[in-house]
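Notes for the one structure printed next.
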Amino acid sequence: MYMTAKQILAEIDRVLSAVEPQQVDGLLNAIVAANKVLIYGLGREGLVMKSFAMRLMHLGVPTAVVGEVTAPPARLGDLLLVSCGPGYLSTVDALVDVAQRAGARVAMITAQDAAELPRRADQLLLLPAQTMAKSEDGSGQAMGSAYEQSLWILFDALVPMLQVRLGQSIQEMRARHTNLE
């Protein structure tokens, strides 16, 4: 089925309208309370996660992307924020174990909250969109596009909320933007 941009935007709106406000608030609280936020995702989800890591850095939140050579270790008081749309990925499973053994909390965003791995997270946010794991969910888009697009918009919606909670002005955020471009 061919989808127009309007249909894709309507699908993203349906997905985001189904997100529980309490889960959003819980995720925001976990980010604000963390000593540092360690970000992880794979594939296109990983690209979206890296974009959010950038915004967290702009907000003054100590942030690192897992797997980058400059990523510090997970420790007590840290937050591992992962996207695991399909509900299970072996790398996410292993990283959750390592982070929890180190005393870090885990926040997970997923489309499959009934799976075993998401139930191990300290903070969970259900983003009920089509992923690679469940392609028959009614989206006319390729593979996990609906989940990835919804994840991007969700994060962009979280930024102004975090900005208020952290007391950050747009000028302070801009001052943290790279000048090496």
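The values are calculated or read from the model by the stated rules, or taken from the named source; none is laboratory data. Keep in mind it's a predicted model, so treat the numbers as computed, not measured. Note that each Cβ is placed from the backbone with ideal geometry, even for glycine, and that neighbours are counted across all protein chains shown. Calculation scope for accessible area: heavy atoms of the full protein, side chains included, ligands and nucleic acids excluded. Shrake-Rupley method; radii C 1.70, N 1.55, O 1.52, S 1.80 Å.
With the requirement that a residue be surrounded by fewer than 19 Cβ atoms within 10 Å (Cβ to Cβ), among the aliphatic types (A, V, I, L, M) and in a helix (DSSP H, G or I), what does region 98-116 give you?
98, the sole residue that qualifies.
From the residues in region 73-97 that are in contact with a Pro (Cβ under 9 Å, 6 or more places away or on another chain) and either within 19 Å of residue 30 (Cα to Cα) or assigned to a strand (DSSP E or B) (or both), which one is modelled with the lowest pLDDT?
If we filter region 73-97 for residues that are in contact with a Pro (Cβ under 9 Å, 6 or more places away or on another chain), which is where we start, we get 78, 84, 87-88.
Subset that is either within 19 Å of residue 30 (Cα to Cα) or assigned to a strand (DSSP E or B) (or both): 78, 84.
Values: 78: 98, 84: 95.
Out of the qualifying residues, it is 84.
Considering only residues of region 28-52 that are in contact with a strand residue (DSSP E or B) (Cβ under 8 Å, 6 or more places away or on another chain) and of a type in the set (Lys, Arg), which is farthest from residue 158 (Cα to Cα)?
Per the criteria, the residue is 36.
Confirm whether residue 48 is in a helix (DSSP H, G or I), surrounded by 13 or more Cβ atoms within 10 Å (Cβ to Cβ) and of a type in the set (Val, Ile, Thr).
Against the criterion (in a helix (DSSP H, G or I), surrounded by 13 or more Cβ atoms within 10 Å (Cβ to Cβ) and of a type in the set (Val, Ile, Thr)), residue 48 qualifies.
Here's a check for you: in region 1-32, which residue that is open to solvent by 80 Å² or more (accessible area, probe 1.4 Å) and aliphatic (A, V, I, L, M) is farthest from residue 53 (Cα to Cα)?
Looking at residues that are open to solvent by 80 Å² or more (accessible area, probe 1.4 Å) and aliphatic (A, V, I, L, M), I get 1.
Scanning for something open to solvent by 30 Å² or more (accessible area, probe 1.4 Å) and either modelled with pLDDT under 95 or more than 23 Å from residue 162 (Cβ to Cβ) (or both), does region 117-125 turn up at least one residue? Walk me through it before giving the result.
Taking region 117-125 first, the residues open to solvent by 30 Å² or more (accessible area, probe 1.4 Å) are 119-120, 122-124.
Narrowing further to those that are either modelled with pLDDT under 95 or more than 23 Å from residue 162 (Cβ to Cβ) (or both): 119-120.
Taking every residue of region 117-125 in turn, at least one turns out to be open to solvent by 30 Å² or more (accessible area, probe 1.4 Å) and either modelled with pLDDT under 95 or more than 23 Å from residue 162 (Cβ to Cβ) (or both).
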